[in-house]
Structure formats: C-alpha cells, structure tokens
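The values are calculated or read from the model by the stated rules, or taken from the named source; none is laboratory data. Since the model is a prediction, treat every value here as computed from it, not as a measurement. Note that we place each Cβ from the backbone using ideal geometry, even for glycine, and neighbour counts take in every protein chain shown.
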Amino acid sequence: MTEPTSQPASTVGPLVVHTAEELRRALADAGRVALVPTMGALHEGHRSLMRLARAQADTVVVSIFVNPLQFGPNEDFDRYPRTLDTDTGVCAQEGVDVVFAPTVNTMYPTEQMVTVQAGAMGDRLEGASRPGFFTGVLTVVSKLLHLVGPDLAVFGQKDAQQLAVVRRMVADLNLPVEIVGAPTLRDPDGLATSSRNVYLDADERASALALSRALNAGRDAAADGPEAVRAAAQGVLDEAAKAAPPVELDYLALVDPATFTDVPADFTGEAVLAVAARVGTTRLIDNVPVRLTRS
Ligand code: PAF
C-alpha cells in the first residue's frame, strides 16, 4: 500500500479501485501481495479465503468481477447478485487493503480473441455441463494475475475442478504465483457456502442438503474402496431424486484431484468425490476429499 495508516482496517475500509491504472498506483510498494479473486456476493466462505490471504501477505487485494466470459447463454449472469457496497463492508471487516472492482469494459475493452483453454481437464464434469466455463475462468484469472501481479492467490476447494485447472495453468504457463487452496466452509446444516445459495427457498434448501449427505456417505465408505464410495453417495442421491423438490443429479464422480479423471476401481490414495445437481432452478456443486486406503 502506498499510504499506510495506523487505524484498524475495519474502520478505514479498503481502497476501492476500478481501473488498471488506479490498481497499479494502489499497489506501488505493496510488499507481498495476496489476491482473492471473487465475483462478489461475499459470504463466510470468502471471508475464510480473505483470512488465509491476510495471514500470508502484507497487502490483500480482493477482486470483485462478475465475469461474463464464464457464463453460458442460459446461465444466471443477469441475476447473479451484485452487492458491491455490502461486499466492501465485508472486506473492511476482514482487513482487506484493496478492492479491485473493474467494469466489463475495463476487463474486456474489445472482443477477447485470445483466451486460455484448460485442455482435456476442462472438458469433463463442470466443463462438460458448462461448455466454455473454464475458458472463461482461466482467461479472467490470468488477466487478474497480470493486472494485480500477486505473490499468491487464494481459491476455494469448494470449486475443486476450478482450483485444479488454475493450478495447472500456473504450472503449464510458468506463471510466477503461488496458488493456495482453502478448505470448503459449510453452514451448520452441512450446505457448502456459495453465493448461489441465496436463490434457494426453504424447501429447496432442505432438498439441497442431500449433496453434502451423499458426499459424507461416500467418504464414510472409503475403507471399502472406490466402488463402495460411489455406490454409497449414489444411494443418497437416488433417494433425493424422489424428494420434493427433487435433486436432479448432473454428475457424481470420484476423481484424481490433480487431473479430474475418474480413479480406477483399484485406486488407493487421495481422491475427490464431486457432485453437481440442480434443485429448482439453482445448480449447486460440492465435493469432499476422500482418502482411499484399499481398492
Ligand atoms: O470462483 C469464482 O468466483 C470465479 O470463478 C473466479 C475465480 C473469481 C473467476 O471469475
């Protein structure tokens, strides 16, 4: 930060900047910089990312940008919650130094011809359900990394495939940044925190709890091998498909956390059990790490 202050961050609040030039000026002499990329509508999960960032850097930057490039034509770009004032308050409470909230025109002044593709890793699961999603994510993340130039960037494990493709981009393109994964935060009822949870009414939320129940059932079966993990989770989801409102399963997969390919039936080691489902009009994703000790 150029203008250090002795007052606590919560009363001063972050510097909110909207352009690349303002950002550059805000980050002169910033020391070790951590970036937390977000699309706003900040919740407890984001707070935990900010705390991780705060503990590891001199200057914490939170970017808030609802990235049109990662939304499909029939997705919720228009209705995605935009709550910059509230978000800035959250950032103030978490001691964030700079909020970078660019406009679409700042990020994409002309048609984005050159994009970053995830390759085969981005074609399955989330990538198969949401064509173009990972191209949108990697393109905006690489732009944010170039604009902010952080030493580290923090991403939630809740979006496990996103975290994996971002790690792979950083490795494959030799980007000089450390990627830190933050554990998933859950509400007391088990629902993973997400900006999209606000779309759920009470009945939909009750049905949505089947996702974390299924993942827990799968993880509890880990001692019996990958097939048992899949079957236990699938059993819960089959029941949830009959609930009112129903949980409409998109995918359930037990994958290698680095490549997001399915683990074989004789696999042992660390895997990720990932699920995506629709409840009402809301699409939810969740995952848990699973340690497989026996095939
Ligand atoms: O996880 C998100 O909120 C977004 O995908 C990200 C990483 C901020 C890119 O727009």
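Quick one: in the range 47-60, which of the residues that are free of Cβ contacts under 8 Å to residues at least 60 places away in the same chain and either over 11 Å from Gly95 (Cβ atoms) or in contact with a Lys or Arg (Cβ under 8 Å, 6 or more places away or on another chain) (or both) is surrounded by the fewest Cβ atoms within 10 Å (Cβ to Cβ)? Looking at residues that are free of Cβ contacts under 8 Å to residues at least 60 places away in the same chain and either over 11 Å from Gly95 (Cβ atoms) or in contact with a Lys or Arg (Cβ under 8 Å, 6 or more places away or on another chain) (or both), I get Asp58. Checked against the criteria, Val116 counts as within 13 Å of the ligand (Cβ to nearest atom), without any contact (Cβ under 8 Å) to a residue 60 or more places away in the chain, farther than 23 Å from Ala192 by Cα and not aromatic (Phe, Trp, Tyr).
If you go through the range 140-158 one residue at a time, do you hit one that is within 13 Å of the ligand (Cβ to nearest atom), in a helix (DSSP H, G or I) and basic (Lys, Arg)? Yes, the range 140-158 contains at least one residue that is within 13 Å of the ligand (Cβ to nearest atom), in a helix (DSSP H, G or I) and basic (Lys, Arg). If the condition is being in a helix (DSSP H, G or I) and either within 16 Å of the ligand (Cβ to nearest atom) or under 16 Å from Leu145 (Cα atoms) (or both), then the range 26-65 contributes Ala26, Glu44, Gly45, His46, Arg47, Ser48, Leu49, Met50, Leu52, Ala53. For the range 205-221, a residue qualifies if it is surrounded by fewer than 19 Cβ atoms within 10 Å (Cβ to Cβ), touching a residue at least 60 places away in the same chain (Cβ under 8 Å) and over 21 Å from the mean Cα position of the chain (by Cα), and exactly one does: Arg219. Count of the range 160-183 residues, restricted to those that are away from the ligand (no atom under 13 Å from the Cβ) and within 11 Å of the chain's Cα centre (by Cα), is 1.
May I ask you to list the residues in the range 247-277 that are over 19 Å from Met121 (Cβ atoms), of a type outside the set (Gly, Ala, Ser) and crowded, with 16+ Cβ neighbours inside 10 Å?
Val247, Leu249
If the condition is being crowded, with 23+ Cβ neighbours inside 10 Å and either over 21 Å from Glu22 (Cα atoms) or hydroxyl-bearing (Ser, Thr, Tyr) (or both), then the range 61-73 contributes only Ser63. Every residue in the range 74-101 that is at pLDDT below 95 and either buried (at least 19 other Cβ atoms within 10 Å of the Cβ) or away from the ligand (no atom under 16 Å from the Cβ) (or both), please. Result: Asn74, single match. Restricting attention to the range 102-113, the residues that are of a type in the set (Ser, Thr, Tyr), exposed (fewer than 15 other Cβ atoms within 10 Å of the Cβ) and more than 21 Å from the chain's Cα centre (by Cα) add up to 1.
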